[in-house]
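Accompanying notes for the structure given below.
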Amino acid sequence: MSTPVLETENLVKVYGRGPAQFHALKGLTFEIHRGESVAIVGKSGSGKSTLMHLLALLDEPTSGVVALDGRPVSKLKPKTVSALRNETFGFVFQQFFLNPNQTVLENVTLPLKIAGVSKSERDKRGMDALEQLKMADKAKNKATDLSGGQKQRVCIARALINNPEVLFADEPTGNLDSATSETVEDILLNLQRDHGITLVVVTHDEDLASKCQRRLIMQDGEIVDEQVGVKDSASHKAPVTAGHSGPATRRRRRILPFGKGAAR
Amino acid sequence: MKSLDVTKSALSNTLRSKLRTALTVIAIVIGAFTLTLTSGLGAGINQTVDRIFGGFGEDDAIYVVPQVEADAQEQDGPAEYDPDAGAEVDSGFGTGMLSAEDVETIEGLDHVVGVDTEVAAQIEYVEAPEGGQYQAQFDFALNDVLAEFAAGGAPDRSAMEITIPEDWLEIYGTDNPDEVLGETLIVAAPNAVGQTSDVEVEVVGVTQGTLAGVGFTPIPSVALAEEVADINAEGFEGQMPEAYIMASAEIENLEQNEEAVKEALADEGLWGLTVEDQIAMFEAVIDAITWILSGFALIALLAASFGIVNTLLMSVQERTREIGLMKALGMSRAKVFSLFSMEAVMIGIMGSVVGIGLGLATGFVTDGFLTAEDGPLGGFAELSLFGLDPLAIGGIFLLIILIAFLAGTLPAARAAKKDPIEALRYE
């Protein structure tokens, strides 16, 4: 079995001090394997966004360890962590965060610009990424001139441009209508299936969650349930947000021996 | 992120809200413009001084005046009475004049090969050969070396010769300075009892007024000045003390012996100055004025720097999301900092380029207008009020960029500190 691309051990995040203390995460231990698609599901306030921030190295845990490719990252310098994020991760946000003053191509190539790639190389790879998402004809448009679905495709192109190992998607369909959501979900899962990119999705969207290979269901800072296997969303709506009481679930274990998705 | 990309991004970011950037830049422009004008003014006048005195580099004289005057201003309380010093004090004391003994002392110093003296010569009027009497005062005879000549040259110190200023040409009814060379002028000198005696002299030069104040009145030869002084003394009851305004000591090998002679003069209570020293004193005054004016320009720049702080703080606030995104996508704090301080530098560059350009254009155009032949200041020979000093312009440019950078550090640090999670939180 290969090393998990991301793993955590006893991950704790506490906000505030003293009586106002809030335990956002209460000691999470799990692994995410290479090439896997994982949905982190839960109500708002369950700690799912906090967990994603820790996994994506945007925040530091109060205690516990996050390891990337088997290497604990908490001891790394901020500059190294920044570089790791730039090289290893791709981000898709609910609010897109596209720069309205720049063209689609400039938005897409931002991670490469930060990485210090030359302009010609950036533009070439940017066009490739846009091509892949069928957005090449919009390359010269301003980002504001696009529809929601198009914006999210640009966002995905930006997330893909540095060939990331892990793609983090925070409510990627939260701002989209259902038809557009479907398209974006398919794009994300195709990337995971066909290109071996590890996909970590934080979502409310049952449809999207059910298409992932594994679902971590969170409540009050703990993973209360874990569901494995892709569900057929059309026929069977999984009660993902309340799934912890469902029958076909396993209690979380310290180490989850889930390796099939990582075989790629 | 590459430096080139940082610079390009910073430039395009500053151009994003054009009006705001323009207003901030204007404040810098005002500072840069003023600094350019003041430093150009100082450079122009100093260049004029250099040009005017430049021709006298081989002059090997030290000008000697009594030291009492200079000391009087620097003294702290009354000087102790010194009986030995008192013995040397003579009729010249306190009047700022050199006595005959002083002149002998100077003649006796090492390296001094000759001494010319400047006497106080009073004249009643001058008279042209064709008639017409004009009120007049002599310039110092020893100033002959400092004069600018439109025609002819300095009077021979031992002959009865004189130069006249350019605007006196009308006495001879001509515009051409060359035509009056060789003409005669009658100098009427009064004696102690009020009678006048005439001295006939030859005009050998026509002078233009210079910034040093030389050449606006006739310059007599040393011999003429002495002759007039003798007439002034006629009929004086009792012994008239010999007194000289200043003396010019000719020094052998001035460069090597300058310090030695000056020290020897100082020991005798005398003060020696070369032409170069006089230029240096003049330039020091100009420089001081330039610095004071530049101080005001610096205050303008200081005010402008707060404009930069303000503009960039607003910009950081507005672009919180964008900063958060860049940090999430792996931009380091140092790069975020350099991106925003580079924006400040861009504002500084725009402001200084425009300000310096406007300042230079205004300076040269105004200078050309004022010092044109028929302009308000056209009477001064070789005067230029505005000069290009590349070193000063470069210095101003760098100074403004430095100020802009420093002003940008606060907003840039704030941008660098932003937490990507906070910045990207949806509201």
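The values are calculated or read from the model by the stated rules, or taken from the named source; none is laboratory data. The model shown is predicted, which means the values in this text are computed figures rather than measured ones. Please note: Cβ atoms are built from the backbone with ideal geometry, for glycine as well, and neighbour counts cover all protein chains shown.
Here are some notes:
- Test: residue in the stretch B:87-94 that is part of a helix (DSSP H, G or I), at pLDDT below 90 and more than 14 Å from chain A (Cβ to nearest Cβ): yes
- Condition met for residue B:209 (buried (at least 20 other Cβ atoms within 10 Å of the Cβ) and not β-branched (Val, Ile, Thr)): no
- Which numbered condition residue B:370 fails, given (1) within 14 Å of another protein chain (Cβ to nearest Cβ); (2) at pLDDT below 95: (1)
- In the stretch B:280-321, the residues that are part of a helix (DSSP H, G or I) and within 14 Å of chain A (Cβ to nearest Cβ): B:315, B:318, B:320, B:321
- Selection count, the stretch A:84-134, where residues are at pLDDT below 90 and touching a Phe, Trp or Tyr at 6+ places or on another chain (Cβ under 6 Å): 1
- Any pair with Cβ under 7 angstrom, 6 or more apart, that starts in the stretch B:322-345 at a residue that is facing chain A (nearest Cβ under 7 Å) and ends at one that is of a type in the set (Val, Ile, Thr): B:326/A:114; B:326/B:336; B:329/A:114; B:330/A:114; B:331/A:114
- Residue among A:140, A:119 that alone is surrounded by fewer than 23 Cβ atoms within 10 Å (Cβ to Cβ) and within 14 Å of chain B (Cβ to nearest Cβ): A:119
- One residue stands out among those in the stretch A:63-80 that are within 14 Å of chain B (Cβ to nearest Cβ) and surrounded by 15 or more Cβ atoms within 10 Å (Cβ to Cβ): the one that is farthest from residue A:31 (Cα to Cα), which is A:76.
- For the stretch B:1-39, taking the residues that are of a type in the set (D, E, K, R) and in a helix (DSSP H, G or I), the one that is nearest to the other protein chains (Cβ to nearest Cβ) is identified as B:5.
- Answer residue from the stretch B:243-273, given it is assigned to a loop (DSSP other than H, G, I, E, B) and either outside the structural domain of residue B:108 (by TED's automatic domain parsing) or of a type in the set (Asp, Glu) (or both) and is surrounded by the most Cβ atoms within 10 Å (Cβ to Cβ) among those: B:268
- Test: residue in the stretch A:34-49 that is surrounded by 14 or more Cβ atoms within 10 Å (Cβ to Cβ) and within 12 Å of chain B (Cβ to nearest Cβ): yes
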